[in-house]
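A quick write-up on the structure given underneath.
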Amino acid sequence: MPVLLLATALLASFVNANDTGTSNSGSTFVIKNNIFLKDGSPVQLISGSFHYYRIHPAYWRDRLLRAQALGLNTIQTYVPWNLHEPSPGKYNWEGYANLTGFLQVAANLGLNVLLRAGPYICGEWDFGGLPWWLAFPGVAGGARLQSRSTDARFLKLAEGWWNVLLPRVAPFLHKNGGPILMVQVENEYGYCGNDREYIRHLLRTATAALGHDVVFYTTDPPSLAEAGSLPGNELYTVVDFGPLADAAEAFKAQAAMNDPGMSPPFCSEFYTGWITHFGEKMANTSANDLVASLRAILQYANGTGSVNFYMAHGGSNWGFWAGSGGTDGEFLPQLTSYDYDAPISEAGGSGQPGIGGKNKFQMIREAISNHTGNALPEEPPLPPAHAFGPVHMTARVSLMDSLPDLAPGDGIPAFKPAAMESYGQPHGVIIYRTVLSVGALIGGGALDFGGPVHDYAQVMLDGKVVATLERSCPRVVRLPEILVFLSDVTVLDIVVHAMGRNSGGCDWDLKGIIYPNVLLNGRVLYNWRVFPIPLSEAPTRLFNSTISHAAASSRHLLGVLHDALLTNQEQHAAQPRGEGVGEVGGDVQPGAEHGLEPAQAGRQAPQLGGTRNCRAWPQAGGPVEGPVMFRGYFTVGGSDVSERGHPPDTWVDMRGWGKGLLWVNGFNLGWYWPLLGPQMRIYVPGPLLHEGSNEILLLEFAQLPDNATVVLEDKPDFYEPGD
């Protein structure tokens, strides 16, 4: 007899115990005697994580059919606050943010759902799902409130979000005839805190919205469960761990947090693969270890152990949604692909396409089938893919020349620069501009940002890139000597592009220039103009503009600089000059006599040119005019449209390019970075394409190929450049 059939017979004999999640309706989901009971019958949750917002909605059903073929009866998903409330009080439920549409697809297929409602989610998502605007000064407590705490300002904002979200999902609760069995409160809170009143406050808010007859749960690693959850019967504590962990010890830690009889063993994040950052080899974890540990979980406690595969299917980090990691000053942005080396690949395939290794899908499927004794549906046919071939990026325009279109006006005046959140900007590019007088760079200069830029920057003098910076590396750059003066000022531009905020959720991760005192040869630079360029929409209009970009940029520049130069001169006249110091404001800082900024005083001068795994920018070959936009077109024929009603999937091969953003038909697919890899091709879901002409836009920051061409291929590639 298969293990689960024997276990079910044993479980059905249990009748007396305290329970949680009791409902007065006909549909119930409760916990008794360390088992789950759905409508009175024992159920072992065999679940997998699917994030609706990382999957094109046209493929939701396809991916969930694959979940059933894998052997799953349940799916688990996060709900990212920042996706759904992109600005305070403004909500987004469209496209891949259509949560209830996804829940309905799951319900139609008969899948259970575990809903992870946040407010913090992690998930390698930008800021762990917390909204960027928590750091906006226009929000009460912005950048000063303590997130994920009992800070009243944070709780008010989080409650406001849940008071919108929870009533929206209430009709999908199991007790109301829907698929949601349980709702998670917070996520891995033990990493950042141990404030039980914070968890209790969230629990009260959730209970008020959804009722006392819903099972609420928390998730933490076994060693952090005590810090991240509540003991006893206030809610249900579960644990997460990977294939090399001791499942029995993990479930003992879980049981210690729950009342007797109220702890069905459940690993809510059982890792099928792992995170990959740019510059790392693609995750390729052991399928043998995975399946061996899976069997141990499923057979635990007389075959009643429940599991959720994180991830069953990863999907894609579109737009600016990919998060980041890193410790000790190292910045590690996530790949655009969230393939995760999961059993179901980014494009829905199995067998670890583009990565290599054993077929996790088939191995997991066999283990589940052997455990349950159930015959499983066959894996659905893979959506078609097509290699459309080379696409020549024939149109080109400089980002700096396009500044009048991207940021009309004279910029935002700033005495000192501030983080992009201070200007109400969520993501993208931000340009900080000031002027230096004639002679400021005789002898060159040391430009110090006081700390790392967030995250990557190009330093430009009079429209030409002269230095680059990256967050993980030294904060000081050496500017070249200028001896030939073409005008009475030298224009200094700092062009910063931001990648994902740290997903850890314990600290702020502001973007742009976050230290206000930018120094040149030890003196603070004042009187800036700031140009936020959020790139929230595809910048197609740059190629259709009737403005003469170069002329407009010159007029724009001169208008901005006139008043700032006069003010700088007035400040300069009142302050002492040091030898070799240019047109700057502020007092000479300690250490300036040695050409070092205050924090550098006492350190070795070679730090100015030191490196710390600085790989973001090429040594040569970058666009001297700064970031450059490219546009090209390719054609989809009528015969290419499949029986699914849309064109096939494809992948944009970015070999030869450096780093940048990619749009297809106005949809932001995210970052490409073949300089670092390992992702060499960007996945394009077929539903984004249409019959006829299709547009590709690139915003390239780092390296221009000899031939401005991309190639559309029919499969992924995560093999370079590390292999």
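Could you please find all residues in segment 56-77 being of a type in the set (A, V, I, L, M) and in contact with a Ser or Thr (Cβ under 8 Å, 6 or more places away or on another chain)?
Once the filter is applied, which keeps residues that are of a type in the set (A, V, I, L, M) and in contact with a Ser or Thr (Cβ under 8 Å, 6 or more places away or on another chain), segment 56-77 yields L72, I75.
Please indicate, with yes or no, whether at least one residue in segment 425-442 is out of contact with any strand residue (DSSP E or B) (no Cβ under 6 Å at 6 or more places or on another chain) and within 22 Å of W133 (Cα to Cα).
yes
Could you list, in sequence order, the residues of segment 312-337 that are among the hydrophobic types (A, V, I, L, M, F, W, C) and touching a helix residue (DSSP H, G or I) at 6+ places or on another chain (Cβ under 9 Å)? First the steps, then the outcome.
Within segment 312-337, the subset among the hydrophobic types (A, V, I, L, M, F, W, C) is 312, 318, 320-322, 331-332, 335.
Matches in segment 312-337: A312, W318, F320, W321, A322.
Okay, residues lined up against (1) within 24 Å of R54 (Cβ to Cβ); (2) over 23 Å from the mean Cα position of the chain (by Cα); (3) touching a residue at least 12 places away in the same chain (Cβ under 8 Å); (4) surrounded by fewer than 23 Cβ atoms within 10 Å (Cβ to Cβ):
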| residue | (1), (2), (3), (4) |
| --- | --- |
| G128 | yes, no, yes, no |
| A140 | no, yes, yes, yes |
| S149 | no, no, yes, yes |
| L155 | no, yes, yes, yes |
| P167 | no, yes, yes, yes |
| A170 | no, yes, yes, yes |
| E186 | yes, no, yes, no |
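Is it the case that some residue within segment 218-226 is assigned to a strand (DSSP E or B), on the phi > 0 side of the Ramachandran plot and modelled with pLDDT of 95 or more?
No; the residues of segment 218-226 include none that is assigned to a strand (DSSP E or B), on the phi > 0 side of the Ramachandran plot and modelled with pLDDT of 95 or more.
Does segment 202-227 hold any residues that are over 16 Å from L115 (Cα atoms), crowded, with 18+ Cβ neighbours inside 10 Å and out of contact with any helix residue (DSSP H, G or I) (no Cβ under 6 Å at 6 or more places or on another chain), and which are they?
P221
Need pairs with beta-carbon distance below 6 Å; first residue in a loop (DSSP other than H, G, I, E, B) and within segment 677-693, second of a type in the set (S, T, Y) and buried (at least 24 other Cβ atoms within 10 Å of the Cβ); sequence gap 6+ or separate chains.
Filtered contacts from segment 677-693: Q679/S337.
Which pairs have Cβ atoms under 7 Å, sit 6 or more apart or on different chains, and link a residue in segment 632-649 that is small (G, A, S) to one that is surrounded by 15 or more Cβ atoms within 10 Å (Cβ to Cβ) and at pLDDT below 95?
none
For segment 79-100, check the following and say yes or no: at least one residue is at pLDDT 95 or above, touching a Leu at 6+ places or on another chain (Cβ under 6 Å) and under 17 Å from L173 (Cβ atoms).
For segment 79-100, residues at pLDDT 95 or above, touching a Leu at 6+ places or on another chain (Cβ under 6 Å) and under 17 Å from L173 (Cβ atoms): absent.
In segment 500-517, which residues are in a loop (DSSP other than H, G, I, E, B) and not charged (D, E, K, R)? Before the answer, list the steps.
Of all residues in segment 500-517, those in a loop (DSSP other than H, G, I, E, B) come to 500-501, 503-511, 513-517.
Matches in segment 500-517: G500, S503, G504, G505, C506, W508, L510, I513, I514, Y515, P516, N517.
Residue-wise test of (1) more than 24 Å from G190 (Cα to Cα); (2) within 20 Å of the chain's Cα centre (by Cα); (3) at pLDDT 95 or above.
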{"residue": "E249", "(1), (2), (3)": "no, no, yes"}
{"residue": "A255", "(1), (2), (3)": "no, no, yes"}
{"residue": "V291", "(1), (2), (3)": "yes, no, yes"}
{"residue": "Y300", "(1), (2), (3)": "yes, no, yes"}
{"residue": "G303", "(1), (2), (3)": "yes, no, yes"}
{"residue": "W318", "(1), (2), (3)": "yes, yes, yes"}
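Looking only at segment 458-490, count every residue that is touching a residue at least 24 places away in the same chain (Cβ under 8 Å), assigned to a strand (DSSP E or B) and over 19 Å from G325 (Cα atoms) and tell me the total.
Within segment 458-490, residues that are touching a residue at least 24 places away in the same chain (Cβ under 8 Å), assigned to a strand (DSSP E or B) and over 19 Å from G325 (Cα atoms) number 13.
Could you figure out which of (1) touching a Ser or Thr at 6+ places or on another chain (Cβ under 6 Å); (2) in a strand (DSSP E or B) isn't true of V307?
(1)
Looking at segment 644-667, which of the residues that are charged (D, E, K, R) and within 18 Å of D714 (Cα to Cα) is farthest from the chain's Cα centre (by Cα)?
R644
May I ask you to verify whether G323 is over 24 Å from K511 (Cβ atoms), buried (at least 23 other Cβ atoms within 10 Å of the Cβ) and out of contact with any Pro (no Cβ under 7 Å at 6 or more places or on another chain)?
In short, no.
Take the conditions assigned by TED's automatic domain parsing to the domain that holds D246 and in contact with a Gly (Cβ under 6 Å, 6 or more places away or on another chain) and apply them to T272. Does it pass?
Spelling it out, it is not the case that T272 is assigned by TED's automatic domain parsing to the domain that holds D246 and in contact with a Gly (Cβ under 6 Å, 6 or more places away or on another chain).
At pLDDT below 95, among the aliphatic types (A, V, I, L, M) and surrounded by fewer than 20 Cβ atoms within 10 Å (Cβ to Cβ), is that true of A107? Spell out the reasoning first.
Numbers: at pLDDT below 95: no; among the aliphatic types (A, V, I, L, M): yes; surrounded by fewer than 20 Cβ atoms within 10 Å (Cβ to Cβ): yes.
So A107 fails the test.
Give me the pairs, please: first residue somewhere in segment 72-91 and under 19 Å from S503 (Cα atoms), second residue anywhere and among the β-branched types (V, I, T), beta-carbon distance under 6 Å, and either six or more positions apart or on two chains.
That search, which allows pairs on different chains as well, returns Y78/I121; P80/I121.
Here are the criteria: (1) modelled with pLDDT of 95 or more; (2) closer than 28 Å to Q703 by Cα. Tell me which single one R475 does not satisfy.
Result: R475 fails condition (1) only.
Counting only residues that are within 14 Å of L294 (Cβ to Cβ) and surrounded by fewer than 21 Cβ atoms within 10 Å (Cβ to Cβ), how many does segment 234-245 have?
4
Which residue out of A599, A616, A620 is under 29 Å from the mean Cα position of the chain (by Cα) and at pLDDT below 95? Don't jump to the end; show me each part of the working.
Working: A599 fails: under 29 Å from the mean Cα position of the chain (by Cα); A620 fails: under 29 Å from the mean Cα position of the chain (by Cα).
Checking each option against the conditions leaves just A616.
Please work out which residue is nearest to F309 (Cα to Cα), limiting yourself to segment 105-126 and to residues that are free of Cβ contacts under 8 Å to residues at least 60 places away in the same chain and not in a loop (DSSP other than H, G, I, E, B).
Residue satisfying both the conditions and the ranking: V105.
Please go through segment 396-426 and pick out each residue that is of a type in the set (D, E, K, R), outside the structural domain of G463 (by TED's automatic domain parsing) and touching a Leu at 6+ places or on another chain (Cβ under 7 Å).
If the condition is that a residue be of a type in the set (D, E, K, R), outside the structural domain of G463 (by TED's automatic domain parsing) and touching a Leu at 6+ places or on another chain (Cβ under 7 Å), then D405 is the only one that fits.
Among what's in segment 188-201 and is among the acidic types (D, E) and farther than 23 Å from S47 by Cα, pick the residue that is surrounded by the fewest Cβ atoms within 10 Å (Cβ to Cβ). Show your work before the answer.
Pass one, segment 188-201, residues among the acidic types (D, E): 188, 195, 197.
Next, only the ones that are farther than 23 Å from S47 by Cα stay: 195, 197.
Values: D195: 16, E197: 10.
Ranking the candidates gives E197 first.
Could you please let me know if T237 is part of a strand (DSSP E or B) and either among the polar types (S, T, N, Q) or in contact with an Asp or Glu (Cβ under 9 Å, 6 or more places away or on another chain) (or both)?
Values: part of a strand (DSSP E or B): yes; either among the polar types (S, T, N, Q) or in contact with an Asp or Glu (Cβ under 9 Å, 6 or more places away or on another chain) (or both): yes.
When the stated conditions are applied, T237 passes them.
The values are calculated or read from the model by the stated rules, or taken from the named source; none is laboratory data. All values reported here derive from a predicted model rather than from experimental measurement. Heads up, the Cβs are rebuilt from the backbone with ideal geometry, glycines too, and the neighbour counts pull from every protein chain shown.
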